[in-house]
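The values are calculated or read from the model by the stated rules, or taken from the named source; none is laboratory data. This is a predicted model, so every value here is computed, not measured. All Cβ positions, even for glycine, are placed from backbone atoms using ideal geometry, and neighbour counts span all protein chains on display.
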Ligand SMILES: [Zn+2]
């Protein structure tokens, strides 16, 4: 088993969204930096290049915001369970997930 599988799904979604925000802002910044001529003159005053980077960066930030909202809604509705390994209360996303604190794999037992 790979170590990645033991990260809680909500946590993974949040990490991903976080990276998306960071990359999006970085892209927009790079677009502006090129436009202003900070990073060399060959793309200076290039409106098309800057616009493309700004749009891509903007959409990445938007997607990340939506992902944050989704992860927020998921953790509102997710059932809480006490982790048998570290004793902390963690949230389950789906029937199988991992503890948010220690990465202990958890499974919801069906009681119907
Ligand atoms: Zn735990």
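Across segment 8-17, not a single residue is classified as surrounded by 15 or more Cβ atoms within 10 Å (Cβ to Cβ) and over 29 Å from residue 72 (Cβ atoms). The lone criterion from (1) modelled with pLDDT under 90; (2) surrounded by 15 or more Cβ atoms within 10 Å (Cβ to Cβ) left unmet by residue 64 is number (1). Based on this model, can you work out whether residue 48 counts as away from the ligand (no atom under 16 Å from the Cβ), modelled with pLDDT of 85 or more and exposed (fewer than 12 other Cβ atoms within 10 Å of the Cβ)? Answer is yes for this residue. Working only within segment 88-102, note down all residues that are outside any strand (DSSP E or B), surrounded by fewer than 17 Cβ atoms within 10 Å (Cβ to Cβ) and more than 7 Å from the ligand (Cβ to nearest atom). Across segment 88-102, the qualifying residues are 94, 95.
In the set (1) touching a helix residue (DSSP H, G or I) at 6+ places or on another chain (Cβ under 9 Å); (2) modelled with pLDDT under 85, residue 31 fails one condition alone, (2).
A count restricted to segment 68-84 and to residues that are within 16 Å of the ligand (Cβ to nearest atom) and loosely packed, with under 14 Cβ neighbours inside 10 Å stands at 4.
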